[in-house]
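One structure is given below, encoded as structure tokens.
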Amino acid sequence: MSDASTQPATDQLPAYRVERSSVHGNGVFAQRDIAPGEPVVEYAGREITWDEAQVRAEIQGGPHNHTFFFSLSNGNVIDGGDHGNEARYINHSCEPNCEAIEEEDGRIFIYALHDIKQDEELSYSYPLIYEGRHTPAIKRAFACRCGAEKCTGTMLAPKPRKRSKPKAKPASLAELVPPPAAVQIPQPAVAG
Ligand SMILES: [Zn+2]
């Protein structure tokens with residue numbers, strides 16, 4: 001009958017909650033202090049193929065509406081909008097306090113990068129790869145308001161320079177997807 005769950009120990013609280021964010025739409029906030037390296041939440045969602053992701057993006061009406069996609073190292077995509085959880089509301093920051101890491105089994109977890117105080121908004125860095133033209137409308141849609149001192153002002157990964165580091169293979173992504181988790185941070189995709 002009664003078990004440990006009747007005791008509201010602080011560290012049994014969920015580490016996070018969702019509420020309106022001053023950065024963008026909903027945000028995810030620390031419900032309690034979080035230690036560095038602590039796994040905060042899984043980035044849940046259905047794993048779909050890249051082709052399927054393209055189809056879904058089109059149905060939803062373009063890049064503005066599918067920032068819930070998270071690309072995996074196996075080429076598939078996790079669609080946080082399909083059987084996802086609160087993790088999809090974590091906002092981008094140019095100076096994040098969390099990072100997304102893809103585990104060996106292909107699941108993605110959000111880890112605290114450093115000490116996070118209760119009520120702090122959680123964030124991680126997900127420069128979005130968008131191969132289409134960075135039109136004013138696109139730039140507006142993905143403006144960054146994280147407020148960090150070093151805020152780049154945009155969530156879009158910069159258009160690649162010709163001579164980039166050879167290690168990241170240019171993904172031929174025609175759409176917009178956060179890069180795979182920390183296993184390998186890809187360079188911005190090379191357009192055309
Ligand atoms: Zn920013």
If you go through ALA35, ALA53, ALA87, ALA57, the only one that is away from the ligand (no atom under 16 Å from the Cβ), at pLDDT 90 or above and open to solvent by less than 40 Å² (accessible area, probe 1.4 Å) is ALA87
Sole miss for ARG133 among (1) modelled with pLDDT of 55 or more; (2) touching a Pro at 6+ places or on another chain (Cβ under 6 Å) is condition (2)
The condition of being open to solvent by 60 Å² or more (accessible area, probe 1.4 Å), among the small types (Gly, Ala, Ser) and within 26 Å of HIS114 (Cβ to Cβ) holds, among SER71, SER22, SER93, only for SER22
Filtering the stretch 115-151 down to residues that are over 22 Å from ASN26 (Cβ atoms), in contact (Cβ under 8 Å) with a residue 24 or more places away in the chain and open to solvent by 80 Å² or more (accessible area, probe 1.4 Å) yields ASP115, GLU149, LYS150
Given the conditions (1) touching a Gly at 6+ places or on another chain (Cβ under 6 Å); (2) in contact (Cβ under 8 Å) with a residue 60 or more places away in the chain, every one holds for GLU86 apart from (1)
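The values are calculated or read from the model by the stated rules, or taken from the named source; none is laboratory data. Nothing here was measured: the structure is a model prediction, and the numbers come from that model. Cβ: placed from backbone, ideal geometry, glycine included. Neighbour counts: every protein chain shown. When the accessible area is computed, the model is the full protein with side chains, heavy atoms only, and any ligands, DNA or RNA have been set aside. Shrake-Rupley method; radii C 1.70, N 1.55, O 1.52, S 1.80 Å.
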